Amino acid sequence: MSITLQSTVGGFSAEFMRRLPALEQAMIAHGLEPSQFVISKDRASAAVPLIGPFFYDYTVFVGDDKFTVTEPNDSVFLEYFFRRCIEQDDLAPDELSPDDLRQRRPGLISRIFRWMAQPI
C-alpha cells in the first residue's frame, strides 16, 4: 500500500506523482512502511489573485506524530522529505546528485532575516 495523499488546494503536481513510487521504494528499503504515512498539502499564505499561493504547508502524519514543512512547490517538498527518510549518511559520495554537492546560497528573505536579527 502507498502513502496517502490529501490536498485542500487542488492536488499534487504530475512530477510529484511520477516520483512518488521511487520514494516509496526507498522508504521500504530503509525499513519504513509507506502506508503508515499521510501527506497533506494546504495553502500556507494568502493567495495573490490570478497568481495563486506562494507557499504550501505540507503536513506529514505518521501514527500519532506529525510535522509540517512550508515549501514553494511539490518538488522541493519531495526532495526535503526524501532526504529526511533516506539519511544523507547512507549515500556514498558517487551517489549524491549535483544538487547535494552544490552549496546553496541563502535566499534574499533569509539574508534579510539574518541581518535584522543582528544586534545593533
Inset, instruction - Could you grab me the full set of residues in the range 1-44 that are in contact (Cβ under 8 Å) with a residue 12 or more places away in the chain, closer than 23 Å to residue 72 by Cβ and of a type in the set (D, E, K, R)? - result: 15, 19, 41, 42, 43
Inset, instruction - Determine whether the range 13-31 contains at least one residue that is within 15 Å of the chain's Cα centre (by Cα), outside any strand (DSSP E or B), farther than 15 Å from residue 2 by Cα and modelled with pLDDT under 90. - result: no
Inset, instruction - Would you mind telling me which numbered condition in (1) surrounded by 14 or more Cβ atoms within 10 Å (Cβ to Cβ); (2) modelled with pLDDT under 85 residue 118 fails? - result: (1)
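The values are calculated or read from the model by the stated rules, or taken from the named source; none is laboratory data. Note that the coordinates shown come from a computational prediction; the quantities given were computed from them, not determined experimentally. When we count neighbours, we look across all protein chains shown, and the Cβ atoms used for this are built from the backbone with ideal geometry, even at glycine.
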